[in-house]
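Take a look at the structure set out below.
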Ligand SMILES: [Zn+2]
């Protein structure tokens with residue numbers, strides 16, 4: 001139970017004018033869906049042909065651990081809609097979160113062929129192991145299936161972590177000891193390198209044309225609205 005003054009603090013309107021996540025929820029051309037508590041957006045970045053998306057709280061929360069229960073439930077409802085949508089195409093979704101520097105909480109979603117999930121999971125785990133061995137960024141790995149209550153019971157608010165899982169998996173969490181050293185693009189660069197032999201990190205800086213962004217947005221919007229209506 002939170003002390004009363006912290007509980008009161010949590011009820012402040014959560015918005016931050018200098019925050020890109022808060023900005024996204026006010027719409028910058030990428031907004032797909034707005035449930036009132038959660039928004040979905042497509043990307044302007046030319047990674048994997050723009051075939052990935054973001055789910056974020058509309059108000060300014062910094063992590064899954066920090067979310068209030070109703071917002072967390074709404075988030076799961078939307079994740080489940082995505083899982084249903086892509087399972088019809090024999091695809092699974094890599095969901096992930098990088099929580100550091102009090103940035104707006106964002107769940108990234110990368111759809112991929114279900115038959116590459118096993119390899120991709122191993123690849124991501126190995127990449128973390130390598131980082132840990134170099135003493136660089138992440139340690140304190142946890143298979144969340146072993147934690148009753150999952151991620152939200154595993155860590156306290158204010159601790160930097162990253163987390164990933166495929167579809168409905170509880171997933172795997174890593175505490176970030178040196179958040180500055182952990183790339184926001186870790187998941188994209190790891191997965192892209194696996195899928196595309198010619199991939200290099202420069203590609204992470206390319207932008208899609210506005211027409212492609214708009215098409216991706218409109219297509220995803222109609223698919224999601226059908227599922228969530
Ligand atoms: Zn924000």
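Throughout, read-outs are computed from the coordinates displayed, never taken from laboratory work. These figures come from a predicted structure and were not determined experimentally. Every residue, glycine as well, gets a Cβ built from its backbone with ideal geometry; the counts of neighbours run over all protein chains shown.
Ranked by Cβ crowding within 10 angstrom, fewest neighbours first, how are 174, 54 ordered? Could you put the intermediate results ahead of the total?
Working: 174 23, 54 18.
The fewest-first ordering by Cβ neighbours comes to 54, 174.
Under 8 Å for C-alpha pairs, at least 6 residues apart: give me the relative contact order for the chain, rounded to a whole percent. Walk me through the intermediate numbers first.
Working: 350 pairs, mean separation 54.0, N = 229.
Averaging sequence separation for qualifying contacts and normalising by length gives 24 percent for the chain.
Could you identify which residue out of 184, 196, 167 has the top mean-square fluctuation in a GNM of the chain using Cα springs shorter than 10 Å?
196
When a footprinting reagent is the concern and you count Cβ atoms within 10 Å, what order do 146, 225, 169 take, fewest first?
Working: 146 9, 225 12, 169 16.
Ordered from fewest to most neighbouring Cβ atoms within 10 Å, 146, 225, 169 come out as 146, 225, 169.
Can you tell me, using C-alpha contacts under 8 Å and at least 6 residues apart, the relative contact order of the stretch 152-229 as a whole percent? Spell out each step's value before the answer.
Working: 32 pairs, mean separation 11.9, N = 78.
Relative contact order of the stretch 152-229: 15 percent.
Please arrange 64, 226 by counting, for each residue, the other beta carbons lying within 10 Å of its beta carbon, fewest first.
Values: 64 22, 226 10.
Placing the least packed residue first, the sequence is 226, 64.
Ratio of the stretch 29-228's C-alpha Rg to 2.2 N^0.38 Å, to two decimals? Display every interim value, and only then the final one.
Values: Rg = 16.3 Å, N = 200, 2.2 N^0.38 = 16.5 Å.
The value comes to 0.99.
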